[in-house]
């Protein structure tokens, strides 16, 4: 008669594991002003031609967990808007999302692929002499997610909640942490 003890050589992870992933992109090489609710992305193309950025936050394909922290920084010391982060389970949602410097629009056709959205405070400049970046961090999140069955990534799109005039080619950096189970 078999028991669960017969499977003692199987290693099955239990509980969560903290995962941290980093990403960076350069926004388009122009200084066209953003208005409130514009997309901040690496390309002006829609997601039909330019996929969403992705971070491997799950431990395996179809895995899940909780997003627990999100940080955004830039090398543009004058960039200070608040940011809304939109999370998806696919890099190309069913209905194409707008690209950089176009108004972000929620589309019902993408509801099954949408995970959640959350807001980050305004990017702020360090008060130290010689500071050359702005940053915002949110570490009070607990957003549940389950990745697509053939993927271990969550995909994101940024929406600026305030107008801003960028410098051409600003670097946008992301650090995301998840409790992956």
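Taking the range 32-63 as the range and being farther than 19 Å from residue 103 by Cβ and either over 17 Å from the mean Cα position of the chain (by Cα) or assigned to a loop (DSSP other than H, G, I, E, B) (or both) as the test, the residues that pass are 51, 57, 58, 59, 60, 61, 62, 63.
Determine whether residue 120 is under 23 Å from residue 18 (Cβ atoms) and within 12 Å of the chain's Cα centre (by Cα). Taking the combined requirement at face value, the residue satisfies it. Of all residues in the range 17-31, which are assigned to a loop (DSSP other than H, G, I, E, B) and either within 27 Å of residue 177 (Cβ to Cβ) or touching a helix residue (DSSP H, G or I) at 6+ places or on another chain (Cβ under 8 Å) (or both)? Answer for the range 17-31, where residues must be assigned to a loop (DSSP other than H, G, I, E, B) and either within 27 Å of residue 177 (Cβ to Cβ) or touching a helix residue (DSSP H, G or I) at 6+ places or on another chain (Cβ under 8 Å) (or both): just 27.
Values quoted throughout were computed directly from the atomic coordinates according to the rules given, and no laboratory measurement underlies them. Since the model is a prediction, treat every value here as computed from it, not as a measurement. Heads up, the Cβs are rebuilt from the backbone with ideal geometry, glycines too, and the neighbour counts pull from every protein chain shown.
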